[in-house]
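Everything on this sheet refers to the single structure shown next.
The values are calculated or read from the model by the stated rules, or taken from the named source; none is laboratory data. Please read these numbers as outputs of a predicted model, since none were measured by experiment. Cβ placement follows ideal geometry from the backbone for every residue including glycine, while neighbour counts extend to all protein chains displayed.
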Amino acid sequence: MEKKETQGLTVKKKDNISEWYTQVIQKADLADYTQVSGCIVFKPNSYEIWERIKYEVDKRLKDMGIKNSYFPLLIPESLLKKEEDHVKGFSPEVAWVTHGGDKKLNERLAIRPTSETIMYDSYSKWIRSWRDLPLRLNQWNSVVRWEFKHAIPFLRTREFLWNEGHTAFATKEEAEQEMKDILKLWQLICNDYLALPSLAGQKTEKEKFAGAEHTWTLEFYLPSGKAAQGPDAHFDGQKFAKAFDIKFLDKDNKAQYVYQNTWAITTRMLGILVMIHGDDKGLILPPRIAPTQIVIVPIITKKDKENVLKKALEIKKGLGKDFRVELDDREIYSPGWKFNEWELKGIPIRIEIGPRDLEKDQVVVVRRDLNTKKVIKQIHIKKEIEALLDTIQRSLFTKAKNLLQENIVEVTAWKEFERVIKDKKIAKAHFCNVTSCEDNIKAKLEGAKSLNIPFEQEGNLKNCAHCGKKAKVVAYFAKSY
């Protein structure tokens, strides 16, 4: 008897994207809720995507000479308070440990919201001479930020996974070069693996990372009409070095403070991936990041079962040398049920093979992103699949790029600014770059804020679209997660 379960989505993406997203992450087995508010379970399907992101990032960091390490989860309050801007930015979100068993601790311990303070206490001990530099460490861990905004799995949770790189250099030039290298890395991962184009730029003074001199980010536009910040890099200059007394003797035997960077990519990218690429059938995964790239579904009858399964297994073994392949030979489900399940889970390619296909030495190949079918000869299967996976990867990037570009509107006047935000698009606005003006924009536009300032600026700046004073930059504004 065929197993009966509730399958598929009951709402269209364009009708209610919030409910659509909630259904996708649960029905595609990406996440589950827990009894801890704002904290989710990363199920194997989502965690393996994160592992693949982690693998691609980690090997490139190592090629850059950056080494992995691990620092404590718990941070003494006295350390967290050492850099004034930093603690001010994080104090509302810090979760504290106050007791060990029944005994009250002498000093509160913060559950890691980020690791600058615990790491730089060690850096101040380890760095003595120019010979100790550069010091370039990274760690993969989880952090807790006890936000009180509405939790959204992957996009905004109280605990999330990330990497955090913390580097120290003898010169500002070295630190600035690393910032460029890290941003290129983030763009490569997002563009080439996640098929997610972005807006690269520098955060305003108001929106930069607490304690940084400046912050660079990649920003993404989602079909919900909101933006989401992706991976970032922060040039900390010498602010933390002075707070933690991280000095070294240079080649002239003079004491100098180091220059520092911090940078990260987080599991927020999983939510961005789901929301941008998914459709009314569920998840769509870019082939290069998909845990399973190909699923083979044999269509069997009692008479032809043995031969069909034998050929399906043969195809799996042949493709499995070069691709990530799964054979779905479960007999309790019909082929149609399996098609729906694998479409829901976003597997890039489905191969169907039945008795008629055996007779003609062919298979039917279905691409998930367009839901189109193609008959190909078995002798050409590897070459055809390889080309098709590459086509799907490029097609998803192009579609996402079009979504981004179609939803950016340049504005020079306040009424235009208001209309663009109301229409759930990104405003590319001429802006005075003054924090008080930015505060007023956010208040008037019900939380819409600056995303970043693109690195490439236009030469002919007009007046600020809000206050009317001379614009200093063009910046992106939108509502965001």
Discussion item. Quick check on the stretch 311-334. Is at least one of its residues exposed (fewer than 14 other Cβ atoms within 10 Å of the Cβ) and part of a helix (DSSP H, G or I)?
Written reply: yes
Worksheet item: Name the residues in the stretch 338-357 that are in contact (Cβ under 8 Å) with a residue 40 or more places away in the chain and surrounded by fewer than 18 Cβ atoms within 10 Å (Cβ to Cβ), would you?
Response: N340, P355
Worksheet entry | Pair list, Cβ < 9 Å and 6+ apart or interchain, from the stretch 450-464 residues that are closer than 16 Å to H214 by Cα and in contact (Cβ under 8 Å) with a residue 60 or more places away in the chain to residues that are of a type in the set (K, R) and in a strand (DSSP E or B) | P454/K428
Discussion item. Residues to consider are E93, E19; find the one that is charged (D, E, K, R), under 28 Å from K149 (Cβ atoms), in contact with a strand residue (DSSP E or B) (Cβ under 9 Å, 6 or more places away or on another chain) and surrounded by fewer than 17 Cβ atoms within 10 Å (Cβ to Cβ).
Written reply: E93
Worksheet entry | Conditions (1) part of a loop (DSSP other than H, G, I, E, B); (2) without any contact (Cβ under 8 Å) to a residue 24 or more places away in the chain; (3) of a type in the set (D, E, K, R): number failed by E207 | (2)
Worksheet entry | Those residues of the stretch 160-194 which are polar (S, T, N, Q) and closer than 19 Å to F455 by Cβ, in sequence order | Q177, Q187, N191
Worksheet, complete the sentence: Counting only residues in the stretch 83-111 that are of a type in the set (K, R) and out of contact with any Asp or Glu (no Cβ under 8 Å at 6 or more places or on another chain), the one modelled with the lowest pLDDT is identified as K88
Practice prompt. Check whether at least one residue in the stretch 213-228 is over 29 Å from Q457 (Cβ atoms) and either over 21 Å from the mean Cα position of the chain (by Cα) or among the charged types (D, E, K, R) (or both), and report yes or no.
Written response: no
Discussion item. Being surrounded by 19 or more Cβ atoms within 10 Å (Cβ to Cβ) and either in contact with a strand residue (DSSP E or B) (Cβ under 6 Å, 6 or more places away or on another chain) or β-branched (V, I, T) (or both): is that true of E178 here?
Written reply: yes
Worksheet, complete the sentence: Within the stretch 347-371, residues being within 35 Å of the chain's Cα centre (by Cα) and in a helix (DSSP H, G or I) number 0
Worksheet item: In the list L79, L73, which residue meets the criterion of being at pLDDT 95 or above and in contact with a strand residue (DSSP E or B) (Cβ under 9 Å, 6 or more places away or on another chain)?
Response: L73
Worksheet item: Which residue pairs have Cβ atoms closer than 9 Å, lie 6 or more positions apart in sequence or on different chains, and pair a first residue in the stretch 97-113 that is in a strand (DSSP E or B) with a second residue that is surrounded by 10 or more Cβ atoms within 10 Å (Cβ to Cβ) and of a type in the set (K, R)?
Response: V97/R108; T98/R108
Item to complete: Being at pLDDT 95 or above and among the small types (G, A, S) is the filter; apply it to the stretch 442-454 and report the residue that is surrounded by the fewest Cβ atoms within 10 Å (Cβ to Cβ).
Response: A443
Practice prompt. Taking A195 as the residue in question, decide whether it is over 18 Å from the mean Cα position of the chain (by Cα) and surrounded by 22 or more Cβ atoms within 10 Å (Cβ to Cβ).
Written response: no
Item to complete: May I ask you to verify whether N452 is within 30 Å of K180 (Cα to Cα) and of a type outside the set (A, V, I, L, M)?
Response: yes
Discussion item. Just the residues that are among the β-branched types (V, I, T), assigned to a helix (DSSP H, G or I) and either surrounded by fewer than 16 Cβ atoms within 10 Å (Cβ to Cβ) or in contact (Cβ under 8 Å) with a residue 60 or more places away in the chain (or both), please, taken from the stretch 386-441.
Written reply: T391, I392, T398, T435
